[in-house]
Each structure stands twice: as C-alpha cells, then as structure tokens.
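Asks: If you scroll down you'll find the structure; I have some questions about it.
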Amino acid sequence: MHSFGLVIALALQAACLATASPLSPRALKFDEVAVVGLDGRMVIMHASEYNQLEARRQTLESPPKTVRRQLESSPPKMRRQDCYQSTEVKIISDTTFTDSDVAMSGILGAQGGAAFITISTRHSIANNLKIKTGGLIKKIAKAVLRDAYKIDSDTTWTNTQTTTLRFDIPEGQYGLVVSQPLVRRIEGAVLSGCSDAPNQEPFTLDSYSSASFEDFGWVEGVIRLCNSTTYPVPYCSGEGSHE
Ligand SMILES: *[C@@H]1O[C@H](CO)[C@@H](O)[C@H](O)[C@H]1NC(C)=O
C-alpha cells in the first residue's frame, strides 16, 4: 500500500475547472515552476529559466571557508606548555543546493485526457543537525550555528494553507506536485581539548529558509509538477520514486 493512493482521472478536467479559483487563471505546464521567495511573492517561470538562475547563484556562492570561533578557553590546570584547553568550532563548508522532492499531493494518472492537480497534503520539513555526540559538544555546535549563522537547528515547517496553484498533467502520464526546497548545508567540527591535538567531532546542519505567499507558508525553493509515463513516478530531484 502506498500512502497517498493513486487516482485515475477520466473526466476530472471539468470538475477541476468548476472549482478553480480566480486567483489562478491557468494551470501551470509541466515545464513551469512556482518560485516561492523570501519576500512574500510567488513567481512563475520556465523551468530552464529557474535552472539558469540556480546555476548563477551557485557560481556566485563564496568558496568554502574555514572559520575558527573561539568559544571559551581556560588557563591550563596543569602547567604544560603544549596543552592549552579550548573549545572551538571550525566551519569547513557552507553550500546551498536543491533538495530532493517533497511530495505535496497524491499521484494522479491523466489517462483519459489532461488533468489538473493541486497541493493537497500537509507536509513537514525540519532543519536537521547531525552530530554523533550529544551533551555539551552538541550544545556548543547549536549555539555557534544560532549566533553566527542565525539558524535554529530545531525549526520545523509545515505547509499551512493549500494554494491556488494548479498544474496540468500531460495526457497519458502520471504526475504529482512536489516542492524542491533550497537546502543550506553547513559542515564543520567542534574541536575540544588540547589545542595542538584537539578531539574533533564533525557535524552537518541542513537548514531551510522561511518563505510564504498569501496564506501559504513553507520554505524557500520551487514548487513544480513531477510527471512520468511510468508508475511509480521517479523523483524529479534526488533518488527514489513517488508511489
Ligand atoms: C513530463 O511531460 C513532458 C511533456 O509530455 C515530457 O516531455 C517529459 O519527458 C515528462 N517527464 C518525464 C520524466 O517523463
């Protein structure tokens, strides 16, 4: 059993047209994306245009830098010149890229003609800090990410209201609405112990930015149709399949 169920649309077009909102004069094509930005707007553009913007943003991204942040240091208890106790956080990389598909509707099969699909499922996405040790080391990593990057590693988003966005599913294909969030990945390590031979605890933080449009609250990225002639539908971004 799959979670959303598969609906074969035979005469769905007429039914959807009847409920179409005036805010959404037309359904988007398979090659159009809705860009959910930070400034409370939603911009519709051609997928290739968005891909170009994305490519440009990635080349403008500053190269990974190493930042050392001194958090605390105490004078060595035992006077050993080669062992100075300190705790630091080293940032190794900071990149932003398009995340895997997040399904935002069930899958519809447009077997009997073109069909429309809209966002219909609630979904959550959360910042995620991966670090093996808990306790103080994890607290230090969280504090640095909060203070230096303004990222709360515990934030969760759940899409609020459904939007008026609609997508055309090409005839004879299966399709669903997916969100492809922009994810910012910060990799680093907490260094503790003697400064010339510190213990290194690596961490990875995946984080998202809030974005909203009218009464739709979600994360920055694009919302698009993911379609396929086969079922299950292969992910349009990332590995896997929607079923
Ligand atoms: C989605 O539909 C378009 C238009 O029919 C088609 O060109 C494209 O190959 C489809 N995508 C996939 C992954 O099958």
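No lab work stands behind these numbers, since they all come straight from the coordinates. As the structure is a computational prediction, the values presented were derived from the model and not from experiment. Note that each Cβ is placed from the backbone with ideal geometry, even for glycine, and that neighbours are counted across all protein chains shown.
Asks: Can you list residues from other chains, or at least 5 along the same chain, whose modelled amide H is less than 5 Å from the amide H of T155?
Replies: N127
Asks: Which ³J(HN,Hα) values in Hz, rounded to whole numbers, follow from the phi angles of region 195-201 under the Karplus curve 6.51 cos²θ - 1.76 cosθ + 1.60, where θ = phi - 60° and Gly and Pro get x?
Replies: 5, 8, 8, x, 7, 10, 10
Asks: At q = 0.13 Å⁻¹, work out log10 I(q)/I(0) for region 170-243 with the Debye formula, treating every Cα as an identical point scatterer and leaving solvent out; two decimals please.
Replies: Log10 I(q)/I(0), no solvent term: -0.62.
Asks: Which ³J(HN,Hα) values, rounded to whole Hz and listed in residue order, are derived for region 126-133 from phi using the Karplus coefficients 6.51, -1.76 and 1.60 in 6.51 cos²θ - 1.76 cosθ + 1.60 with θ = phi - 60°, glycine and proline given as x?
Replies: Ordered by residue, 3J(HN,Hα) equals 9, 4, 9, 9, 9, 8, 5, 8 Hz.
Asks: Going by amide H atoms built from the backbone, whose H comes under 5 Å of the H on T87, apart from near neighbours?
Replies: L71, E72
Asks: Quick one: which residues, 5 or more positions from C236 or on another chain, have an amide H under 5 Å from its amide H? H modelled 1.01 Å from N in the peptide plane, none for Pro or chain starts.
Replies: Amide H neighbours of C236: D101.
Asks: How large is ³J(HN,Hα), in whole Hz, for each residue of region 135-149 in order, when computed from phi with the Karplus curve 6.51 cos²θ - 1.76 cosθ + 1.60 and θ = phi - 60°, using x for Gly and Pro?
Replies: Once rounded to whole Hz, the list reads x, 4, 4, 5, 4, 5, 4, 4, 5, 5, 5, 6, 6, 8, 10.
Asks: Which order do the peptides 167-177, 228-238, 44-54 come out in when sorted by mean C-beta neighbours inside 10 angstrom, highest first?
Replies: 167-177, 228-238, 44-54
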